[in-house]
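Novice: Encoded as structure tokens, here's the structure I'll be asking about.
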Amino acid sequence: MIRSTGTLARIGRITGVLVLVLAAMVALGPLLWTVTTSLRTPAEAFSNPPQWIPLNPDFSNYGAVFDRIPIGRFFLNSVIVTGLIVVGQTITCTLSGYAFAMVSFPGRSVIFGIFLATMMVPLQTIIIPVFVIVRYLGLSDSPLSLVVSALGSAFGTFLMRQYFMQMPKELGEAARIDGAGHFQTFLMIYAKMAAPAIATLAILNFSGFWAEFYRPLIFLQSQDNFTLPLGLVGLQGNLGTGSISVVLAGVVLAILPSVVLFIVAQRYFIAGITAGASR
């Protein structure tokens, strides 16, 4: 009986590993194809059957990216816009999450419910009024239009609120007995304890807004203000006649910052994601 139970457990582990390997292959397949195609000539890009590993890598596609579009300018615009959004959302979401979790005020649950309800509203349904407000503020065709319209986040507030809810309220009560206010208690105690969740929020925001295409397409008209995802469209050429290898070389360059950030900060990201399961 014991041997049978051990055999079933071993089979379960092997099955789990096989499922994870299959899922990893499905997830990494498009990325691998993107990288390998960026190293092929245009004639080899659509070879059948496809060559997953190019026999003669062609790195000239990466040089062509810099020749065809001002990718350095686009990269700088994306760094500025994404950096400001990440900092802004980290501040606003952390403060609002703390308020909803630790501060008692009339209508807190109702307001938080309304806040969460906004997550069900697609961006496409509100983009016109947002554009009108941005234009009224004089930020039309400006990178700041992307920053100002993204300083708040219902998801980020929800994430931080759930993290703060797991923290002992006795620490805040002790600090207030010593004369500390809510902001001082938040800054000196809870913000330090929430570092993994803050890092998770920052990584998620960076990955999302670094690759954002829809809002820049609506808000920006001048090429000098384009962010990287919008600027890469120029590699397609007139009526999509550009080289697919050059386009994917630009895509590889665009995703590198997100990959590097995740590798460097994955410890904090995993800690923030799994915090709820470990408490």
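Novice: Please state, as a whole number in µm²/s, the translational diffusion coefficient that the Stokes-Einstein equation yields for the chain at 25 °C and 0.890 mPa s, with Rh defined as the Kirkwood radius across alpha carbon pairs.
Specialist: Values: Rh = 22.3 Å.
Value of D from the Cα-based Kirkwood radius: 110 µm²/s.
Novice: On to the next question. What is the helix-to-structure angle for 154-165, meaning the angle in degrees between its Cα long axis and the longest Cα principal axis of the chain, kept from 0 to 90 and rounded to the nearest 10?
Specialist: Here the helix axis deviates by roughly 50 degrees.
Novice: Using 0.36 nm per residue, how much length does the chain from Leu22 to Ile111 gain when fully extended, once their Cα-Cα distance is taken away?
Specialist: So the chain would gain 27.8 nm between Leu22 and Ile111.
Novice: Further, regarding this structure: Extending each Cα 7 Å along its Cβ direction at Asn56 and Leu8, get the distance between those two points in nm, one decimal.
Specialist: So the label points at Asn56 and Leu8 sit 5.9 nm apart.
Novice: Using only Cα atoms, find the angle between the long axis of helix 195-210 and the longest principal axis of the chain, and express it within 0 to 90 degrees, rounded to the nearest 10.
Specialist: Around 40 degrees separate the two axes.
Novice: Using a Förster distance of 25 angstrom, determine the FRET efficiency expected from the C-beta separation of Val264 and Leu144, and round it to 0.05.
Specialist: 0.35
Novice: Any chance you could give the angle, 0 to 90 degrees and rounded to 10, that helix 108-117 forms with the longest Cα principal axis of the chain?
Specialist: 10
Novice: Could you put Glu173, Glu212, Glu44 in order of accessible surface area, largest first, with the 1.4 Å probe and the full protein assembly present? Let's see the in-between values first.
Specialist: On the way: Glu173 100, Glu212 35, Glu44 65 Å².
Largest accessible area first, the residues go Glu173, Glu44, Glu212.
Novice: Anyone know which of Ala180, Ala99, Ala211 comes out most mobile in the 10 Å Cα GNM of the chain?
Specialist: Looking only at Ala180, Ala99, Ala211, the biggest GNM fluctuation is shown by Ala180.
Novice: Another question, then. Heavy atoms only, 1.4 Å probe, whole protein assembly: order Trp52, Trp210 by accessible area, highest first.
Specialist: Trp52, Trp210
Novice: For the chain, modelled as a Gaussian network with Cα springs under 10 Å, which listed residue fluctuates most, Ala191, Ala23, Ala154?
Specialist: Largest GNM mean-square fluctuation: Ala23.
Novice: All other residues with a Cβ under 15 Å from the Cβ of Ala150 taken together, and with Lys, Arg as +1 and Asp, Glu as -1, what is their net charge? Don't skip to the end; give the middle numbers.
Specialist: Working: positive: Arg215; negative: Glu212.
Spelling it out: positives minus negatives among the neighbours equals 0.
Novice: Need the full-extension length gain, Leu32 to Arg68, defined as separation in residues times 0.36 nm minus the C-alpha distance. One decimal, nm.
Specialist: Taking Leu32 through Arg68 to full extension adds about 10.5 nm, to one decimal.
Novice: Restricting to Cα pairs below 8 Å that are 6+ residues apart, what does the relative contact order work out to for the range 62-165? Please round to a whole percent.
Specialist: The normalised contact order for the range 62-165 reaches 51 percent.
Novice: Here is a follow-up. Taking springs between alpha-carbon atoms closer than 10 angstrom, which of Asp67, Asp58, Asp224 fluctuates most in the Gaussian network model of the chain?
Specialist: Asp67
Novice: Quick one: in the range 20-61, what % of C-alpha pairs are over 14 Å apart?
Specialist: Counting every Cα pair in the range 20-61, those more than 14 Å apart make up 47 percent.
Novice: Now for a separate question. Taking the Cα of Met120, stepping 7 Å toward and past its beta carbon, and measuring to each backbone N in the range 96-114: which are under 11 Å?
Specialist: Under 11 Å, as judged by backbone N against the label point of Met120, lie 114 of the range 96-114.
Novice: Enter the accessible area per residue of the chain (Å², integer; probe 1.4 Å; all protein chains in place). Present the calculation step by step, with values, prior to reporting the outcome.
Specialist: Details: 16310 Å² over 279 residues.
Value for the chain: 58 Å² per residue.
Novice: Also, I was wondering about something else. For Cα pairs less than 8 Å apart in space and 6+ apart in sequence, what is the mean separation divided by the residue count of the range 69-235, i.e. the relative contact order in percent?
Specialist: 44
The values are calculated or read from the model by the stated rules, or taken from the named source; none is laboratory data. Computed from a predicted structure; not experimentally measured. Cβ sites come from the backbone with ideal geometry, for glycine too, and all protein chains shown count toward neighbours. The protein model used for the area step is the full one, side chains on, heavy atoms only, and it has no ligands, DNA or RNA in it. Shrake-Rupley method; radii C 1.70, N 1.55, O 1.52, S 1.80 Å.
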